[in-house]
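The structure appears below as structure tokens.
Where a number appears in this text, it was derived from the coordinates with a stated rule and is not lab data. Since this is a predicted model, take the numbers as computed values, not measurements. Backbone-built Cβ (ideal geometry, glycine too); neighbour counts: all protein chains shown.
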Amino acid sequence: MEETVRLTLKILNALAVLMWAGAVAFAAYRLYQLLTYPAVAAEVLKAETDAYMQTSEGEDAHGFRKTYYHRVYRPQALVRYQFQGKEYTAVARHEKETGSWKTANRLVESWKPGTRLRVRLHPSKPDQPRLGLGLNFATFQGATVFVIGALMFMAMGYGVKRAFAFFARTMGAEAQ
């Protein structure tokens with residue numbers, strides 16, 4: 001029994017370490033983007049919510065392959081901006097896509113023509129601006145998911161350890 005508990009604790013700890021590593025890697029990538037993608041002011045010419053279908057595959061309750069379709073929404077705006085002395089007009093897509101039209105459209109409604117936004121540009125692709133990349137929750141949401149996963153694995157390990165100690169005391173008391 002003790003060997004099983006030790007193995008379980010090792011597995012939970014390894015999973016927690018992997019989740020922490022994933023959180024650090026994801027956050028480092030996002031920080032790299034923030035530091036290397038210059039932010040420029042852009043003027044909104046037009047804004048709309050882009051909608052498209054996303055597919056995923058899985059199995060139904062009987063084990064048959066099934067393709068699932070769900071609609072995804074992403075705010076986007078046609079913007080005009082200058083970068084390195086050249087003027088660009090391009091569609092800036094938001095970093096975050098959502099399954100809710102209402103959530104996506106809330107941003108689009110605030111982007112009236114003439115509104116000034118800050119867009120981020122990949123230095124080698126200045127004609128593909130990005131919206132929503134900044135010091136905000138949406139930018140680091142992936143890292144947050146990894147952190148929550150790591151905390152859950154740590155909590156499960158703590159719970160297994162406590163439960164084993166409790167049952168060991170209980171069983172030891174009954175044996176006497």
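Once you have the Cα-Cα distance between Val72 and Thr170, take 0.36 nm times their residue separation minus that, and quote the gain in nm to one decimal. Present the calculation step by step, with values, prior to reporting the outcome.
Details: separation 98, 0.36 × 98 = 35.28 nm, distance 5.27 nm.
Stretched out fully, the Val72 to Thr170 stretch lengthens by 30.0 nm.
Placing +1 on the Cβ of every Lys and Arg and -1 on the Cβ of every Asp and Glu, with nothing else charged, gives the range 38-132 a dipole about its Cα centre of roughly 320 debye.
Rounded to the nearest 10 degrees, the angle from helix 101-110 to the longest Cα principal axis of the chain is 40 degrees.
By the rule of a C-alpha distance below 20 Å, with chain neighbours fewer than 8 residues away ignored, the aspartates and glutamates paired with Lys46 are Glu87, Glu95, Glu97, Glu109, Asp127. The spacing between the range 108-162 and the range 1-29, judged by their C-alpha centroids, is 23 Å. GNM remark for the chain: springs join alpha carbons under 10 Å apart, and the peak mean-square fluctuation among Glu95, Glu43, Glu57 falls on Glu57. A Cβ-based charge dipole, computed about the Cα centre of the chain with Lys and Arg at +1 and Asp and Glu at -1, lands at about 520 debye. Each distinct pair of alpha carbons in the range 38-132 adds a 1/r term; the inverse of their mean, the Kirkwood radius, is 14.7 Å. Of the residues Gln76, Gln84, Gln33, the one that moves most in a GNM of the chain with alpha-carbon contacts below 10 Å is Gln84.
Partners of Lys125 within straight-line reach, counting lysines whose Cα lies under 17 Å from its Cα and excluding those fewer than 8 residues away in the same chain: Lys86.
Springs between Cα atoms under 10 Å define the GNM used for the chain, and in it the highest mean-square fluctuation of Ala61, Ala92, Ala41 occurs at Ala61.
Listed by chain and number, the aspartates and glutamates whose C-alpha is less than 18 Å from the C-alpha of Lys102, apart from same-chain residues fewer than 8 away, are Glu48, Asp50. Per-residue 3J(HN,Hα) values for the range 152-163, derived from phi via the Karplus relation 6.51 cos²θ - 1.76 cosθ + 1.60 with θ = phi - 60°, read 5, 5, 5, 5, 5, x, 4, x, 4, 4, 5, 5 Hz in sequence order (x marks Gly and Pro).
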